[in-house]
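The values are calculated or read from the model by the stated rules, or taken from the named source; none is laboratory data. Computed from a prediction, not measured in an experiment: that's the story for all the values here. Neighbour counts run over all protein chains shown; Cβ positions are idealised from the backbone, glycine included. Side chains included, ligands, DNA and RNA excluded: accessible areas come from the protein's heavy atoms. Shrake-Rupley method; radii C 1.70, N 1.55, O 1.52, S 1.80 Å.
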Amino acid sequence: MAVADFTTTYKESIFLPSQLSSLSSCLSNTRSHVLKPYLRARNVNKVYCSVAPNEVQTPVVPQPTSIKGECYGVFCLTYDLKAAEETKSWKSLINIAVSGAAGMISNHLLFKLASGEVFGQDQPIALKLLGSERSFQALEGVAMELEDSLYPLLREVSIGIDPYDVFRDVEWAILIGAKPRGPGMERADLLDINGQIFAEQGKALNAVASSNVKVIVVGNPCNTNALICLKNAPNIPAKNFHALTRLDENRAKCQLALKAGVFYDKVSNMTIWGNHSTTQVPDFLNARISGFPAKDVIKDTKWLENDFTEIVQKRGGVLIKKWGRSSAASTAVSIVDAIRSLVTPTPEGDWFSTGVYTNGNPYGIAEDIVFSMPCRSDGDGDYELVKDVLMDDFLRERIKK
Ligand SMILES: NC(=O)C1=CN([C@@H]2O[C@H](COP(=O)(O)OP(=O)(O)OC[C@H]3O[C@@H](n4cnc5c(N)ncnc54)[C@H](OP(=O)(O)O)[C@@H]3O)[C@@H](O)[C@H]2O)C=CC1
Ligand SMILES: O=C([O-])CC(=O)C(=O)O
């Protein structure tokens with residue numbers, strides 16, 4: 001293990017040319033504005049870079065060649081993913097950006113991502129956390145908790161405030177950072193404050209993210225924000241942008257299960273049509289309970305048409321009134337569900353809801369908007385719209401409205 005004193009200059013450090021890339025990365029990171037205060041705060045003035053002792057032979061003045069982006073604490077160590085026996089069967093590392101990383105939803109989500117429950121137990125990940133100047137300290141706190149959790153699959157964590165840095169090469173971008181609504185507000189009231197965030201982040205994704213990046217927009221109003229984001233990212237397929245309506249799907253499943261007196265795993269084929277707002281249409285015509293049409297199991301049509309719809313539409317607002325802030329843990333769970341639905345094959349005959357760009361849809365929904373519809377996936381990150389859904393006048397009218 002070679003030791004680099006971060007208070008010295010490159011010239012005072014002794015390393016081999018073969019080590020230059022890892023060392024220059026380590027050393028440059030020890031100079032970063034992120035790591036230095038962090039190390040100082042802990043009275044650390046030595047940084048350990050993972051290079052084997054037998055590689056250290058002749059004094060060499062290293063040149064800063066390849067430089068790793070900003071990293072955090074233990075995640076600045078270099079490593080060889082194939083070196084340890086358990087990691088040999090792992091897939092290659094993927095980069096995941098999360099904005100609003102110091103917020104409530106992220107505080108649940110990041111630990112789920114790191115644990116492997118989202119992308120799988122053979123998928124190492126790098127987390128790239130986007131915050132702002134006001135949240136930078138909090139981001140450091142989040143990164144410290146991630147360090148202390150010792151997740152084997154979490155190989156890198158970096159934190160930053162510039163989306164052009166944070167989004168570089170990301171394969172997934174989960175855009176949460178946005179002001180939440182308070183009691184008495186509608187989600188649409190947030191558009192003036194939040195819309196601009198998604199225009200900027202769309203531009204940044206367009207410029208630096210992987211060309212096939214998948215984007216999950218969570219910040220409200222998420223349908224409009226997703227549209228703003230994709231319009232600012234013309235080089236990324238519009239199909240890759242999602243507005244999160246999975247929380248609504250989960251809420252709808254829970255309500256149907258409750259009414260039918262079954263556990264919620266019996267409810268399938270649940271579509272949320274439209275926006276993540278009080279105009280959304282939870283579809284009880286196509287929903288199934290234990291494989292049977294929901295309408296055959298729940299005979300109370302009045303409840304289905306009125307109460308059920310309203311409960312799902314207003315669930316977020318009711319929760320804010322009770323808790324004083326918007327749902328966070330269940331939202332994080334629904335983000336996990338939404339991503340898992342894209343990276344694992346959809347069970348035969350079932351589907352999931354996600355807000356996607358309308359471009360040649362079979363349901364007669366206006367084109368060029370982001371609208372939640374029923375989708376299936378082969379598990380490759382992509383999806384297709386489900387074609388064989390039932391429509392009756394009631395559902396058609398509700399969707400139109
Ligand atoms: N689609 C869905 O199903 C759901 C969406 N949401 C939405 O997700 C978003 C995030 O919610 P949540 O994590 O609970 O919120 P938090 O307030 O806990 O965190 C939001 C983060 O967004 C950033 N932010 C950016 N601009 C602003 C601003 N003008 N005011 C305040 N914060 C800002 C802040 O980080 P920084 O300082 O780093 O910028 C903050 O840490 C909200 O818009 C909320 O409405 C919530 C639940 C469900
Ligand atoms: O209601 C809100 O503002 C937060 C949210 O989107 C939800 O809980 O569905």
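In table form, for the structure just shown:
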| quantity | calculated |
| --- | --- |
| Cα centroid of the stretch 257-336 to Cα centroid of the stretch 106-125, whole Å | 26 Å |
| Candidate lysines for bridging to Lys179, where Cα separation is under 26 Å - those fewer than 8 sequence places away on the same chain excluded | Lys112, Lys128, Lys203, Lys214, Lys231, Lys239, Lys314, Lys321, Lys322 |
| Probe 1.4 Å - accessible area at Phe263, Å² to nearest ten | 130 Å² |
| Built amide H within the under 5 Å cut-off of Asp169, gap 5+ | Ala209, Ser210 |
| Sequence of Arg155, Arg251 from largest to smallest accessible area, 1.4 Å probe | Arg155, Arg251 |
| Signed unit charges on C-beta, dipole axis of the stretch 246-400, positive-most listed residue Thr346, Asn359, Phe292 | Phe292 |
| Test item: Cα-centred dipole of the stretch 90-242, Lys/Arg +1 and Asp/Glu -1 on Cβ, debye | 500 debye |
| For the stretch 135-174: accessible area per residue (Å², 1.4 Å) | 44 Å² |
